[in-house]
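Beneath this line is the structure, given in structure tokens, with notes to follow.
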Amino acid sequence: MTFVGWSQIIILLALVTFSAWALGGFMAAVFTGKRTFLSQAIAPLECVINRLAGVSLKEQNWQAYALAMLAFNAVGFVVLYGLMRLQSFLPLNPRGFSAVPEALSFNTAMSFVTNTNWQAYAGESTMSHLVQMAGFTVHNFLSAATGIALAVAFTRAFARSSSATIGNFWDDLVKSMLYILLPLSIIVAIAFMTTGIPQTLQGSVDATTLEGVKQTIAMGPMASQEAIKQLGTNGGGFLNANSAHPFENPSAWSNYLSIFAMLVVSGAMPFMFGQMVGDKRQGRALFITMGLFIVVGTAIVYWAETSGNPIIQALGIDPLQGNMEGKELRFGQAMTALFVVATTGLSCGAVNAMHSSLTPLGGLVPLFMIQLGEVLPGGVGSGLYGILVIAVLTVFIAGLMVGRTPDYLGKKIEAKEMKLAMLALLILPLVILGFSAVAAMLPTALSSLANAGPHGLTEILYAYSSAAGNNGSAFAGLNANTGWFNTTLGISMFLGRFAYIVPMLAIAGSLAAKTKIPASSGSFPTHGPMFVALLVGVILILGGLQYFPSLALSPIVEHFLMLAGKTF
Amino acid sequence: MLSHLRPAFLMLIIMTVLTGLVYPLAMTGIAQVAFVNSANGSLISKNNTIVGSHLIGQAWTSDKYFWGRPSAAGKGYDAAASSGSNWGPTSKALIDRINGDIQKLRQAGDKTLLPADSVTASGSGLDPHISPQYANLQIARVAKARGVAEEKIKAVVLANTQNSALGLFGEPRVNVLMLNLALDGLNAQSNG
């Protein structure tokens, strides 16, 4: 670890904090119907879109909100599946790719609809430009907009008193798209172009190297997809190597911008929340909790990766650069470590280094960040409602400790909310550990592993954690493009997204209906360091209790085996 | 739910047109006007043939040229199949590959402690850069193969070394293709 490395990390996090604060205020204005500087330009377009789609902008109760969201996602899934199955008959297929197979299409459509963007395929050798643009880029926007809409609805549940409704899904969706995601994407896409990311409709170019060898260089409209891939915490790259690829991430600058873009919208959500519930300190407390995990996680990865792999160093390799397998030279260890932690603390899943080749402890951190529930700061929108569910649990536990009826932001937390919160929280460990346990015993699943020993178990655990947490990054040694993995990972993504969202919306409905009680001397303050400490504790204890046994058998034991010089 | 399907479908079509066609095509239009070179892959031509991209690493085998890092993309630097090795730190296959690369470098005459990037594959398999240490290590071999004084090669390496911007952003690195192109230019000069 160096001073220069830490300076880069701190400057970037400071920039993100400031921008997130500003963006959060803007988002609160947009979703409370206030006029903003964009209103004059965008409001007419918004009107036209709502009229063309024929949506009703009436306020919805939580069931109607949920149904509209589910219908929209179901249609999106079916159309995306169709696009992939029919790509050979459709235009914009310059390299003539044939139809994507059924299981892979199922997995990929689910992956993009749920904001996971898990990629069981290699983009440059599988998907036409039409699928990348009209399929993936669109769902990069829509899945992120869906997340924002849901978070806004959940926020209203705390902001409103005795309300039967939590907003209108279509209104929230279109506003997220037009006021937030599209304008930001245009700015970031152009910024990405200045760093050298290609943006062309060409499929590939043939070069003849100085040694006379032919090199086919795949390219395409990447800058536009790259922008929303990061802003929407999607993470699905145009090319197989994702943000490690020199076209998707050509320089230290593009890397800096990538990390900034992936953090900024999710980082803005707690500030938006604070503003909308009328107490900015509440949002700040959530933001600080998220930031603590990012900083500590980055420190661990940075330290582990610069310490390197003693087995390799023993062969006469200079330890100066640290562990370089799977890493690009141009980013440096510090900005690689921050990328690794940000992309998994978020549910982004873009990678600028191969996570599978990280040192065991360096790989443990991203895995654990995903397993902590994708709330640090989590996916766009999904991170906010995720951490609010945990916050509700935290005040409940705090209430139990002092023997008081717990309340959060003036809303009484009762048995009904707790049951729904537990339902949402338990779906992740059930999916992750359940499927991993089966896969670890199934010969067809085990034949997909690229690494033997404890690293193999990490590959499986990481795959199901990433899918259920809607992250999408991978310990990519695992060959996930098989019938078993495509199907079970697709199911994991579905459950991780929608089996979480529905109880969450039910909590929103139930809380919105409650009358807001004013804070009294007996209320537990949820904006101070005490609450932050409790929230951190609950997140760690929840994650630890659920996953520590499996982690002890995978990265932790691998760490000690590596120190002992054992290979598999 | 059924009553939601019609608006859902229409909304999807509208958003597909907006974000799937208008947005990427408009961005492509801007790129093709304002960033002609980089928007098309930062390609480099020599004598009217494309010899590669500034951003994409290539496989080098001749002693006359500087070599890049090991690559796991296809059969090595396949720019239509980017990939890392994805081998974990305790993988026997990784250690075997590294041992093979060490032997190759030792045979080529590199006796000192080897920098990590000389024997590790990058995440994309297309890393265009090597560290200045790895470049320095290869100077003697390249100078011998070209029959040029080491000082001359050293000067070209130095001229092609990029340092961190503002002493902060980006690692010190050498772009292998640009370096090798500069070397060929050097020979052309001295011959002609």
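No value in this document is a laboratory result; all are computed from the given coordinates. Everything quoted here is computed from the prediction, not taken from an experiment. All Cβ positions, glycine included, derive from the backbone under ideal geometry; neighbour counts span all protein chains shown.
The convex hull defined by the C-alpha atoms of the range A:313-392 has an orientation-averaged projected area of 5.8 nm². Principal semi-axes of the equivalent ellipsoid, √(5λ) from the alpha carbon gyration tensor of the range A:386-563, are 38, 19, 11 Å from largest down. Centre-to-centre separation between the Cα atoms of the range A:1-48 and those of the range A:440-455: 43 Å. Summary value for the range B:42-191: 26 percent relative contact order, contacts being C-alpha pairs under 8 angstrom separated by 6+ residues.
Work out the charge dipole of the protein assembly as shown with +1 on the Cβ of Lys and Arg and -1 on the Cβ of Asp and Glu about the Cα centre, then indicate which of A:ALA120, B:MET178, A:ALA20 is farthest towards its positive end. So the residue we want is A:ALA20.
So how strong a dipole does the range A:386-563 carry about its Cα centre when Lys and Arg Cβ are +1 and Asp and Glu Cβ are -1, to the nearest 20 debye?
On the way: 8 positive and 5 negative charges, 137 e Å.
Dipole about the Cα centre, nearest 20: 660 debye.
Peptide A:54-63 has a mean shielding of 1, counted as Cβ atoms of other protein chains within 10 Å of each residue's Cβ. Projecting the Cα atoms of A:MET422, A:ASN451, A:ALA480 onto the dipole axis of the range A:386-506, where Lys and Arg carry +1 and Asp and Glu carry -1 at the beta carbon, places A:MET422 farthest toward the positive end. Per-peptide packing, taken as the mean over residues of other Cβ atoms within 10 Å, places B:178-184, A:137-143 in the sequence A:137-143, B:178-184 from highest down.
Candidate cross-link partners of B:LYS92 among the lysines, defined by an alpha-carbon separation under 23 Å and a same-chain spacing of 8 or more, comprise A:LYS327, A:LYS566, B:LYS75, B:LYS104.
So what is the diffusion coefficient of the range A:442-493 in µm² per second by Stokes-Einstein at 10 °C and 1.306 mPa s, using a Kirkwood Rh over Cα pairs? Taking Rh from Cα pairs, D becomes 147 µm²/s. Against the main long axis of the alpha-carbon atoms of chain B, helix B:132-146 sits at an angle near 60°. When the P(r) is computed for the range A:44-198, the part past 22 Å accounts for 51% of the Cα-Cα pairs.
With a/c under 1.5 counting as rounded, go ahead and sort the protein assembly as shown into rounded, prolate or oblate using the C-alpha gyration tensor (a ≥ b ≥ c being the square roots of the eigenvalues; past the cut-off, prolate if a/b is larger than b/c, else oblate). Prolate. Going out from 0 in 5 Å bins, what whole percent of all Cα-Cα distances in the range B:42-191 drops into each bin? Reading the bins upward from 0: 2, 9, 17, 22, 21, 16, 9, 4, 1, 0, 0.
Highest mean first, what order results for A:14-21, A:47-54 on Cβ atoms within 10 Å?
Averaged packing, sorted descending, gives the order A:14-21, A:47-54.
Take each uninterrupted DSSP H stretch in chain A, measure its Cα extent along the helix axis, and return the ones at 27 Å or beyond whose mean Kyte-Doolittle hydropathy is at least 1.6.
Working: long enough: A:3-31 (41 Å, 1.88); A:62-85 (34 Å, 1.27); A:138-159 (31 Å, 1.26); A:252-276 (36 Å, 1.12); A:280-307 (40 Å, 0.73); A:382-402 (30 Å, 2.37); A:415-439 (35 Å, 1.82); A:483-513 (45 Å, 1.22); A:529-551 (31 Å, 1.90).
Those that clear 27 Å and a mean of 1.6 are A:3-31, A:382-402, A:415-439, A:529-551.
Dividing the Cα radius of gyration of the range A:129-263 by 2.2 N^0.38 Å, with N the residue count, gives 1.30.
Applying a DSSP loop filter and a limit of 15 other Cβ atoms within 10 Å to the trypsin sites (Lys or Arg not before Pro) in the range A:328-423 leaves A:ARG404.
The shape of the range A:261-316 can be summarised by an equivalent ellipsoid whose semi-axes, obtained from the alpha carbon gyration tensor, come to 39, 10, 4 Å from longest to shortest. Shown in residue order for the range B:29-46 are the 3J(HN,Hα) couplings computed by the Karplus curve 6.51 cos²θ - 1.76 cosθ + 1.60 at θ = phi - 60°: x, 4, 4, 6, 8, 8, 10, 3, 5, 6, 5, 9, x, 6, 6, 10, 10, 9 Hz (x for Gly and Pro). Per the Debye formula on identical point scatterers at the alpha carbon atoms of the range A:82-151, with no solvent, log10 I(q)/I(0) at q = 0.18 Å⁻¹ is -0.64.
With Cα atoms defining each centre, the range A:473-490 and the range B:3-72 are spaced 26 Å apart in the structure. Take the alpha carbon gyration tensor of the range B:1-88, find the square roots of its eigenvalues, order them as a ≥ b ≥ c, and report rounded if a/c is under 1.5; if not, report prolate when a/b exceeds b/c, else oblate. Oblate shape, in that a/c is at least 1.5 and b/c is the bigger or equal ratio. Residue exposure proxy: A:PHE106, A:PHE154, ordered by other Cβ atoms within 10 angstrom of their Cβ from fewest to most, comes out as A:PHE106, A:PHE154. Here the dipole of the protein assembly as shown is about 1020 debye; that uses its Cα centre as origin and unit charges on the Cβ of Lys and Arg (positive) and Asp and Glu (negative).
Sequence-distant contacts, meaning Cα pairs under 8 Å at least 6 residues apart, place the relative contact order of chain A at 20 percent. Just how far, in whole angstrom, is the range A:320-336 from the range B:96-159 if you go by their alpha carbon centroids? Answer, in whole Å: 17.
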